[in-house]
Amino acid sequence: MDSSDCPDWERYTTRQRNETQRGLSLGAILIATSILAQPTRGQDSTRATRTTLDPVIVSVTRGAGTAPLDAPFAMTILSPDSARPGQRHTALDESMSLVPGLIAANRNNPSQDPRISIRGFGARSAFGIRGIRVLRDGMPLTLPDGQTPVDYLSLESVGRIDVIRGAASAMYGNASGGVIDLRTAAPPRERLAGNVRQWLGSEGFSRSTVAGGGISGPAYYQADASLTRGDGFRAHARQRATSAFARVGAMLGSTDYSADVLVLDNPLAENPGALTIAQMRADLALADQPSVNKAARKVVQQLQVGLSANRQMKHDEITASAYAGGRSLYNPLTFAIVDVGRRTYGTSGRVTHFSSLLARSNKLTGGLDLQSQNDLRRNFTNCNDIPAPSAVTKTCPALGTELGTVTLHQREIVYSAGAYLNDELRLTDRLRLSGGLRGDKVRFEVRDRLINTTNPDDSGDRTLSAVTPFVGLVSRIAPDQSAYANISSAFETPTATELGNHADGSAGINPDLKPQRSTTYEVGLKRSGAAKLSYDVAVFTTNVRDELVPYEIPLSGGRRYFRNAGRTSRRGAELGMTATAGPFLFNLAYGYSDFRFSRYVTDSVVLDGHRIPGIPVHRAQSSATWSPNAAFAVVEAEVASGPFVDDANTVRAPGYEVVHLRVGSQRLFDNPWISLVAGVQNLFDRAYSPSLSVNAARGKFFEPAPGRTLYVGVSLGHGR
């Protein structure tokens with residue numbers, strides 16, 4: 001934190017130092033409770049032991065049988081509950097911790113998803129996830145226009161997360177500045193096993209979950225459901241949500257068939273908005289008053305179903321999948337009420353062929369992806385907070401009615417098609433050469449349904465296309481160590497919403513907003529396996545052309561618009577380390593991000609050399625897990641320098657350091673059916689804002705995190 005930029009912030013540090021001793025005492029009590037809950041008799045054959053994991057084979061690379069050490073790019077494999085047990089599975093930021101170069105910032109806003117960025121891709125997101133391809137068991141959650149809502153993503157059954165930390169458009173197409181593939185845990189080996197769990201915490205937090213799964217002959221299944229309630233630590237931040245996930249399948253011969261279902265019913269998710277630095281210093285729990293007055297919130301229902309088949313043969317692997325979904329969104333905002341009905345469809349096919357080329361083993365993969373997004377969008381005047389009858393106009397014909405007149409009514413259709421070809425050639429026993437090429441077309445179409453004497457027909461269409469190559473080389477310099485280098489590319493179209501938001505108030509598709517394109521040069525070194533020390537080091541530089549940049553104007557009511565910066569340069573370094581010592585497991589993730597505008601002129605102001613806002617130059621996360629028996633204790637820490645909050649670099653957000661603690665027992669009082677977790681978030685009660693609304697008008701940049709919060713969870717049954 002730079003105190004010269006925010007001198008008044010110093011008053012917080014005094015209070016925080018006074019809270020440290022209280023936090024340490026509370027942590028000691030929790031640890032002691034966990035230890036006392038364990039059996040006091042000597043060790044016997046029932047004692048839980050550290051599990052030896054099978055070798056990891058990564059499917060996120062769109063190849064077959066690829067080990068992380070053989071991938072010529074930076075990637076991280078997470079097993080959240082294995083490395084850091086006792087997670088609540090409430091949001092992605094908890095599961096995505098400890099990935100170098102990845103920032104998962106919880107906005108602590110029930111109506112907004114976590115802001116996730118990888119090497120700067122996705123940092124501009126105002127809602128949902130941008131610039132990063134997100135999948136669940138290979139089924140895309142990312143829409144063809146590049147946006148990804150993850151509010152309907154259940155995390156209870158996730159057993160592994162594969163992350164590509166870099167440009168991957170050669171494999172995945174639009175909005176693939178990074179890839180996150182969440183993989184369902186293997187079902188229990190029994191015919192039927194499961195558990196129920198109850199979480200309770202500060203600010204009225206309650207989460208009830210039930211999960212089950214099993215295997216019967218060739219069939220398997222895994223399912224969970226969650227009911228989440230909370231009042232939020234900020235005013236106007238209540239939430240009520242029910243989510244569910246199910247995966248059923250069968251191995252018939254050499255073919256694995258499966259079906260996935262994701263469901264969300266979210267009748268209440270209030271939006272407290274962002275704050276100025278003065279408001280945040282006065283009271284972290286404040287809500288943005290216009291958001292309260294206009295009853296900003298969202299109501300969502302969503303259903304998505306996917307089918308897939310994977311067939312293994314002697315020299316080939318064939319994968320095919322299809323999905324369909326529907327989403328209903330009612331979203332009062334400070335500037336309008338947005339009502340969207342969405343239908344999505346998609347299908348993909350992939351063939352991998354193993355052969356010999358020049359007397360060397362060769363793996364050739366080709367595939368095709370098709371996606372469709374069909375939105376019926378209506379915007380209404382938000383008539384909440386009409387002060388007096390004299391203010392009633394034609395746009396708000398009656399007091400006490402939230403919905404005013406229709407200001408936008410149109411059908412927004414997005415189609416995407418992409419074909420790719422990747423090849424991996426083993427040059428020697430230790431050296432592999434990979435290369436790939438993909439072509440994509442994304443077509444946006446608007447069909448205006450609000451046409452009259454004052455509203456002209458704003459129908460139109462626009463097609464954006466790109467060809468994205470990739471080449472990489474990886475060398476196994478030791479059985480558990482590899483070095484790699486690659487040149488990769490990515491492109492990212494504006495989303496349908498971004499193309500439709502015009503600062504001059506006009507409608508239709510913005511003909512001037514361009515997709516951003518990038519080229520990355522990367523080298524790295526990895527070590528993993530059974531060694532007590534594993535590490536992952538990467539150095540990269542990314543050059544971006546026409547970077548998409550958000551901005552607000554003072555009278556927009558918080559509405560965000562987008563423009564292209566000329567060129568930006570991102571230079572960075574990443575370090576990930578894992579070490580084991582007896583019952584201790586240590587993790588470290590560090591990212592250095594020197595991201596700047598190389599050429600950027602806006603409103604006659606030259607911003608060349610300015611830092612890209614919202615991204616700290618230095619950020620580190622660490623964890624220490626102690627699991628001597630069925631008990632465990634996990635300490636997590638995060639430190640981040642203060643990033644700028646606007647393109648002009650006029651304001652720098654305070655940096656922060658925060659510590660979390662949780663303890664528990666996976667076999668309470670030697671009973672394998674009962675487990676207990678207790679935890680403290682923000683142990684030392686720091687005041688900080690991990691999420692920023694960059695380039696916000698009126699200085700409303702900050703989305704603060706809660707102070708010290710407590711929670712406890714109890715589980716009955718077997719499994720996670």
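If only one of Asp260, Asp265, Asp256 is farther than 14 Å from Tyr220 by Cα and of a type in the set (Asp, Glu), which one is it? Spell out the reasoning first.
Numbers: Asp260 fails: farther than 14 Å from Tyr220 by Cα; Asp256 fails: farther than 14 Å from Tyr220 by Cα.
Exactly one residue qualifies, and that residue is Asp265.
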(request) Might you check whether a residue that is over 24 Å from Asn422 (Cα atoms), among the hydroxyl-bearing types (Ser, Thr, Tyr), outside any loop (DSSP other than H, G, I, E, B) and touching a residue at least 12 places away in the same chain (Cβ under 8 Å) occurs anywhere in region 388-398? (result) no
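Between Leu533, Leu513, Leu499, Leu464, which is among the aliphatic types (A, V, I, L, M), in contact (Cβ under 8 Å) with a residue 12 or more places away in the chain and closer than 17 Å to Thr76 by Cβ? Outline the logic, then answer.
On the way: Leu513 fails: closer than 17 Å to Thr76 by Cβ; Leu499 fails: closer than 17 Å to Thr76 by Cβ; Leu464 fails: closer than 17 Å to Thr76 by Cβ.
Every option except Leu533 fails the conditions.
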(request) Just give me the residues in region 540-557 being among the hydroxyl-bearing types (Ser, Thr, Tyr) and modelled with pLDDT under 80, in sequence order. (result) Ser556
(request) Within region 278-298, count every residue that is among the hydrophobic types (A, V, I, L, M, F, W, C), in a helix (DSSP H, G or I) and surrounded by fewer than 20 Cβ atoms within 10 Å (Cβ to Cβ). (result) 3
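Taking Val299, is it at pLDDT 95 or above and more than 29 Å from Ser693 (Cα to Cα)? Reasoning before the result, please.
Working: at pLDDT 95 or above: yes; more than 29 Å from Ser693 (Cα to Cα): no.
Considered against the rule, which asks whether it is at pLDDT 95 or above and more than 29 Å from Ser693 (Cα to Cα), Val299 comes out as no.
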(request) Check whether at least one residue in region 655-670 is among the hydroxyl-bearing types (Ser, Thr, Tyr), out of contact with any Asp or Glu (no Cβ under 7 Å at 6 or more places or on another chain), buried (at least 21 other Cβ atoms within 10 Å of the Cβ) and at pLDDT below 95, and report yes or no. (result) yes
(request) Being out of contact with any Leu (no Cβ under 9 Å at 6 or more places or on another chain) and within 19 Å of Ala637 (Cβ to Cβ) is the filter here, so list the residues in region 577-592 that pass it. (result) Ala581, Phe584, Leu585, Phe586
(request) Check every one of the strands (runs of 3 or more DSSP E) wholly within region 619-683 and list those with 1 or more residues that are touching a residue at least 24 places away in the same chain (Cβ under 8 Å), charged (D, E, K, R) and farther than 24 Å from Ala193 by Cα. (result) 631-640, 656-665
(request) Report, by residue number, each residue of region 81-105 that is in contact with an Asp or Glu (Cβ under 8 Å, 6 or more places away or on another chain) and under 14 Å from Ala185 (Cβ atoms). (result) Gln87, His89
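Have a look at Asp316, Asp339, Asp369 and point out the one that is acidic (Asp, Glu) and surrounded by fewer than 19 Cβ atoms within 10 Å (Cβ to Cβ). If you could, list the steps in order and put the result at the bottom.
Values: Asp339 fails: surrounded by fewer than 19 Cβ atoms within 10 Å (Cβ to Cβ); Asp369 fails: surrounded by fewer than 19 Cβ atoms within 10 Å (Cβ to Cβ).
Matching residue, one of Asp316, Asp339, Asp369: Asp316.
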(message) If a residue counts only when it is more than 16 Å from the chain's Cα centre (by Cα), which strands (runs of 3 or more DSSP E) contained entirely in region 142-206 have at least 2 such residues?
(response) 193-201
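Residues in region 194-209: is at least one over 23 Å from Leu303 (Cα atoms), β-branched (Val, Ile, Thr) and surrounded by fewer than 23 Cβ atoms within 10 Å (Cβ to Cβ)? Please lay out each step first, then the result.
Of region 194-209, the ones over 23 Å from Leu303 (Cα atoms) are 194-206.
If we keep only those that are β-branched (Val, Ile, Thr) as well, we get 196.
Going one step further and asking which of them are surrounded by fewer than 23 Cβ atoms within 10 Å (Cβ to Cβ), we end up with 196.
Scanning region 194-209 turns up at least one residue that is over 23 Å from Leu303 (Cα atoms), β-branched (Val, Ile, Thr) and surrounded by fewer than 23 Cβ atoms within 10 Å (Cβ to Cβ).
The values are calculated or read from the model by the stated rules, or taken from the named source; none is laboratory data. Note that the structure is a prediction, hence the values are computed from the model and not measured. Please note: Cβ atoms are built from the backbone with ideal geometry, for glycine as well, and neighbour counts cover all protein chains shown.
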